[in-house]
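One structure below.
The values are calculated or read from the model by the stated rules, or taken from the named source; none is laboratory data. For clarity, every value in this text was computed on a predicted model and none was experimentally measured. Note: ideal-geometry Cβ built from the backbone for every residue, glycine included; neighbour counts use all protein chains shown.
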Amino acid sequence: MNTEGGLHFGKDQDRIVVRVRWSAFRRQPRFQAKACMVDETKTGTDWQTDELDAIVSDYFSMLDAELSGQNYVKSRHSEALRARIGRTHGSVEYKHQNISAVLNKLGLP
């Protein structure tokens, strides 16, 4: 299992496992997210092809970084994506979970 700061990464039956040692983060300053503009007209609407292309591309960029052992910050990816497509944090997070579920169903990482 690889260790970086308070995070421990490993692989368990083709799944990536991340364990967090919270004590390593106690003295860190709290992260403050920047406000992203949400396009209120998109609330409750289906995702458009360009939005889906953007989030799938971003998801695979993070997956590639994770599998190759590179550092990345998911919240920064999410923030940049939300600024680009105008969706809420919850909407982006839910779509990431959908992508992950599809990959898992296909037997991919």
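Taking the criterion of being part of a helix (DSSP H, G or I) and surrounded by 17 or more Cβ atoms within 10 Å (Cβ to Cβ), the residues of the range 69-87 that qualify are HIS77, SER78, GLU79, LEU81, ARG82, ILE85. Within the range 58-96, being free of Cβ contacts under 8 Å to residues at least 40 places away in the same chain and over 20 Å from VAL38 (Cα atoms) holds for PHE60, SER61, MET62, ASP64, ALA65, SER68, GLN70, TYR72, VAL73. For the range 75-91, the criterion of being modelled with pLDDT under 90 and either within 18 Å of the chain's Cα centre (by Cα) or of a type outside the set (Phe, Trp, Tyr) (or both) is met by no residue.
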